[in-house]
Amino acid sequence: MAKIVCIEVVHLLQLGGIDTCPILILGGIMSKKWYFSKTVWVQILAVIIGGIQAIQGQSWLPIETQLVILAMLNIIVRFLTNQPITK
């Protein structure tokens, strides 16, 4: 079993006591909590925007354009990501 080591870091976001250790080392690989993941937040934003459009019954942009924008955002965020996430 991998040893978990907690590293204290300065929070860029004030998360109201959710967790005091956003970065963990699991078996030598630095990882972070899911709520610090840019990729997860891009996907959550996509779901929210899709839900709003569904409730309104209309698209803000053509579906194909939205898919291209989401794909480009995911590619950009994946290049910025260098740590896996933990639960």
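Rule-based calculations on the coordinates, nothing more; no lab input. These figures come from a predicted structure and were not determined experimentally. Note: ideal-geometry Cβ built from the backbone for every residue, glycine included; neighbour counts use all protein chains shown.
Couplings 3J(HN,Hα) for region 69-84, derived from phi with the Karplus relation 6.51 cos²θ - 1.76 cosθ + 1.60 (θ = phi - 60°), are 4, 5, 4, 5, 4, 4, 5, 4, 5, 5, 5, 7, 8, 9, 9, x Hz, where x marks Gly and Pro. Around the amide H of SER31, modelled in the peptide plane, lie the amide H atoms of LEU24, ILE25, LEU26, all under 5 Å away and 5 or more residues distant in sequence or on another chain. Label-to-label distance for LEU73 and ALA46 is 0.8 nm, based on points extended 7 Å past Cα in the beta-carbon direction.
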